[in-house]
Amino acid sequence: MINVIPKPNYLAVTGGERSYREKGVGFIKNEALEDEEYYLEITKERICVTAKGEKGFFYAKKTLKQLSFLKDTVPCLVIKDKPRYSYRAFMIDSARHMQTVDEIKTYIDAAALFKFNVFHWHLCDDQGFRIESEEFPQLNAHGSWRNGHGFGSTNTDRYGGYYTKAQIKEIVEYCRERFIDVIPEIDLPGHTIAILSSYPSLSCRKKEIPVETRPGVHKDILCAGREETFEFCFKLLDEVSELFPYEYFHIGGDEAPKDRWNECPDCQKRIKDEHLRDSEQLQGYFVNRIVKHMAEKGKKCIAWNESLNSGMLDKDVIVADWMDKEHRSEKWANAGGKIIVEDFFSYYLDYPYGMTPLEKTYRFDPNLEGLDETGRSNVVGVETPIWTEFVENFDRLCFMCFPRMMAVAEIGWTNAAKRNYKSFEERAEKARAILAETGITMALREKWNPKGTKRIPDLINHYKRFATREGIRQLLNLDEN
Ligand code: ACM
Ligand code: ZN
């Protein structure tokens, strides 16, 4: 078996082996190939890579690294390879729990090895604002910190921090060297308690509230009625955009309850003045204004699928389909809009293996049932998020992500007809040593696909911190009014 993840789309083993030295590889440029495409030919006489430019060569080198790991020989073969999808992303939530710059770099190294090309960085949420802001210093002095570790933890120490602009630039540069675009997310208008806690005048009730320590969805969101909110968002997005020299920016848009907007005179006035139907359409208005501002600055937006609920989303937005019972994302794609598939039940890596076994992740294909031919052509790719409410340290993060993120790497790269779960599982186990060299400890193989009653301990462990009174109160958001 050829131990490469993602599995190449065309591979012919021609027999025999030859010695391998990185310096002994020949490179030929061929303008006719696509940016991410590469040919690799290994014969007894030579090792030769053909690609259009640096990106294709980079992927060929990642294939060679896997072929030659722990050996000084490589098998003779021919590989002709290019990805199924142009967007192959991993997401890290650095808001609920932060990772160090070195930890993020370690994850990026692994992601590059498996040919991911986008890092979606979830940097702000109810429980913390994690980007240095000179425009709005309260976001860091106040909004980057919470009272206690939260999420049912008994640790009451103040928790928080933020990435300085220098650190962010360092990560962006690290990614650039690995052909990974970094797409930051500022989640708007919901998941903004850290912002509202720093600047209460941006909320409908203008009430002082603490940076959140509980998980879940919270009712306080940015007020869409007042111009002050838009001025704040535009300035903040401009400041953050400067750090990320890419075409796309993620503006969130998920889980924004409408309770406050329904009661807020300013929001209700806006609905009337703009001839909107209701608060759901107010979110459409809100998102489209942000999208228009970003377009004026030369940026396109990605938004979570709830942004479709208003029925008026700007057509250039890419919809991130994570949980969409109404299948609006599929209809959006069938009608010509672009989507990213990141299915909650399969690609979310914060849920235990007992709930989302590796095989389930691997078998979920982005060609969703409701897509017609046009819709399928509008799937730009896949993404696999790790949300970190219950992922307090990097070892835990690696346990949750490896090997499941590698399954999504293969789905994003390898054509469905070429994929095979049993082969993937063998190759994933073989990748343990190469990951260990990178600084990542993969979950033990016996954990990957718990069967029957073996799934239960996983689920209990996941939720056990909520077995206390405080935990239940937190989980249910009992003191929110
Ligand atoms: C999400 O998981 N709320 C996008
Ligand atoms: Zn309001």
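The values are calculated or read from the model by the stated rules, or taken from the named source; none is laboratory data. All values reported here derive from a predicted model rather than from experimental measurement. Positions of Cβ are generated from backbone atoms using ideal geometry, with glycine treated the same way; all protein chains shown enter the neighbour counts. These accessible areas exclude ligands, DNA and RNA; they are computed on the full protein's heavy atoms, side chains included. Shrake-Rupley method; radii C 1.70, N 1.55, O 1.52, S 1.80 Å.
Data for the structure
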item	result
Normalised convex hull volume, region 3-104, alpha-carbon set, Å³ per residue	137
Label point at Thr164 placed 7 Å out along Cα→Cβ; residues across region 125-140 whose backbone nitrogen lies under 12 Å	132
Mean-position separation - Cα centroids, region 145-215 and region 331-395, in angstrom	24
Largest to smallest principal axis extent of the C-alpha atoms in the chain, angstrom	76, 49, 43
Kirkwood hydrodynamic radius of region 105-193, from inverse mean 1/r over distinct Cα pairs, in Å	14.5
Dipole axis of region 107-247 (+1 Lys, Arg; -1 Asp, Glu on Cβ), positive-most option in Tyr199, Ala111, Leu237	Tyr199
Chain lengthening between Phe234 and Ile2 when straightened (0.36 nm per residue, less Cα-Cα)	78.5 nm
Reduced Cα scattering model of region 241-297, Debye log10 I(q)/I(0), q = 0.16, 0.17, 0.22, 0.23 Å⁻¹	-0.58, -0.64, -0.87, -0.92
Neighbourhood charge, 14 Å Cβ-Cβ cut-off, centred on Leu11 and excluding it, Lys, Arg +1 and Asp, Glu -1	+3
Share antiparallel - DSSP beta bridges, the chain, percent rounded to 5	35
Sum of side-chain charges, Gln127 neighbourhood, beta-carbon under 9 Å (Lys, Arg +1; Asp, Glu -1)	-1
Low-density loop positions, trypsin sites (Lys or Arg not before Pro), region 159-224 - DSSP coil, at most 15 other Cβ in 10 Å	Arg205, Lys206, Lys207
Nonlocal amide H pairs with Thr384, under 5 Å, H built at 1.01 Å	Ala89, Phe90, Met91
Inter-label distance for Leu243 and Arg277, nm, one decimal - labels placed 7 Å from Cα along Cα-to-Cβ	3.8
The chain: calculated mean residue ellipticity at 222 nm from DSSP helix runs of at least 4, using -39500 (n - 2.57)	-10000 deg cm²/dmol
Contact order normalised by residue count of region 220-310, Cα under 8 Å, 6+ apart, percent	40
Length-normalised contact order for region 267-367 - Cα pairs under 8 Å, 6+ apart - percent	18
Surface share of carbon and sulfur [accessible, 1.4 angstrom probe, percent] for the chain	50
Coil-residue trypsin sites (Lys or Arg not before Pro) of region 270-317, DSSP, other Cβ within 10 Å capped at 15	Arg277, Lys297, Lys315
Pairs of Lys in region 245-302 closer than 23 Å at Cα, counting only those 8 or more apart or on different chains	6
Accessible-area value, Glu446, 1.4 Å probe, nucleic acids and ligands omitted, Å²	140
Largest-first principal axis extents, alpha carbons of region 355-419, Å	42, 24, 20
Exposure of Tyr162 as accessible area (Å², to 10), given a probe of 1.4 Å and all protein chains	80
Among 19-25, 308-314, 183-189, 402-408, the order from most to least packed when residues are scored by Cβ within 10 Å on average	402-408, 183-189, 308-314, 19-25
Dipole magnitude of region 156-210 about its Cα centre (Cβ charges: Lys, Arg +1; Asp, Glu -1), debye to nearest 20	300
Highest to lowest packing among 374-387, 143-156, scored as the average C-beta count within 10 Å	374-387, 143-156
